[in-house]
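Inspection log for the structure reproduced underneath, given as structure tokens.
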Amino acid sequence: MIHRPLRLLLDGEALVSNWRWLRARGGDAACGAAVKADGYSLGAREVVRQLAAVGCRDFFVSTYAEAEALGAWDEGLTLSVLHGPGPDDVMTAAASPARPVLNSPLQVARWREIGEGRPCDVMVDTGMNRLGLTVEEACSGLLDGLVIETLLSHLACADEPVHPLNARQLADFHALREVIPARRYSLANSAGICLGSDYAFDLTRPGLALYGGVPVPADREQRAALRQVVCLEARVVQLRDVAAGQSIGYCADYVAPQDQTIAVVNLGYADGWFRHLAPLGAHWNGIQLPVLGRISMDLTAIAAPLGLAEGDWVAFDLDLPRGTGPLSQYELLTSLGSRFDRIWR
Ligand SMILES: *Cc1c(COP(=O)(O)O)cnc(C)c1O
């Protein structure tokens, strides 16, 4: 077993608590989970295992490669592939236990060839102009004879609750439901769930909020309810004494105002700890420690308090709703690199 000098401490209770809150917000709808991008960097397999254990049944990944990476799939759970079967996926999709989400007439044709009448999901675009059939295509007879498990659409502006596009997409989705038969209908991501249970239909698809992101950070209820799941920790590689007037790190950005001891820690921007996060600092034993100088690719210098030793673990908080500079909460989470050990508590 190789142990790495940096780790994500992942709070399984917080994950489950976030899922339960989102499920309750969705009223009678089932609550699924988006586990694309390796579970937003937390590790999709373990997220699936933990949520399945408390009753989550419906999971979403982007590609067949992500579906394959999840390994053997439990028969009681469903896995949908949001990008549908592409030209290279024909063999995989035909053999996979995952269900395709069909997004284009070509994908519909492809699934008719290889699906052997098995159920599929269908995405219809109601205003985002990203993935999915147009409403006209969906209503043209193109889908006749397909066994549609879930009809999906996706909200463009759900994290702006007053945006008029939300109500328009909701109305269009209701209209679609009248004309396209499916076993279930699904519209809401995390932010859509927070718009109210009339957006939930039969099945919701949260991602971000499961992992501690807060769709509308100004909303007190969301901030109080959604718990942080991820904490970063890295080991001190080296302690060093820096004399007053000496500089630390690239471009000599920081000059020590007095003699001080610093700790050089095994975490950098290649791990997703970007330079603009420096003001967040670090902490150890309840002591807040400022970052000194520029964050490097694999290393960060911090002020070392008395007692901190080489090899100790120092914590960095990814406080998602607190504000993340130029990057969204999504970008920060999904940038957490592959060099961490991922440890669930
Ligand atoms: C990523 C994704 C989700 C989850 O969105 P969040 O905003 O992370 O909750 C739901 N549905 C679709 C189609 C997606 O692509």
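Put in order of Cβ neighbour count within 10 Å, fewest first, the listed residues Thr334, Thr126, Thr261 become Thr261, Thr334, Thr126. Only Cα pairs under 8 Å and 6+ residues apart enter the sum, and on that basis the relative contact order of the chain stands at 20 percent.
Both the radius of gyration and Dmax for region 230-318 are 11.9, 37 Å, in that order, over alpha-carbon atoms. Placing unit charges on the Cβ atoms of the charged side chains and taking the dipole of the chain about its Cα centre, the candidate lying farthest along the positive direction among Ser140, Leu6, Leu106 is Leu6. Relative contact order of region 216-345, taken over Cα pairs closer than 8 Å and 6 or more residues apart, is 28 percent. DSSP assigns beta bridges within the chain; of those with both partners inside it, close to 55 percent run antiparallel. Only Cα pairs under 8 Å and 6+ residues apart enter the sum, and on that basis the relative contact order of region 13-144 stands at 15 percent. All Cα-Cα distances of the chain, cut into 10 Å bins from zero to the largest, leave 5, 23, 28, 21, 13, 7, 2, 0 percent in each bin in turn.
Charges were assigned to the Cβ only: +1 to each Lys and Arg, -1 to each Asp and Glu. The resulting dipole of the chain about its Cα centre is roughly 440 debye. Counted by neighbouring Cβ atoms within 10 Å, the residues Val214, Val237 run from fewest to most as Val237, Val214.
Values quoted throughout were computed directly from the atomic coordinates according to the rules given, and no laboratory measurement underlies them. Quantities reported herein were computed from a predicted structural model and do not represent experimental measurements. Because the Cβ atoms are built from the backbone with ideal geometry, glycine has one as well, and the counts that use them run over all protein chains shown.
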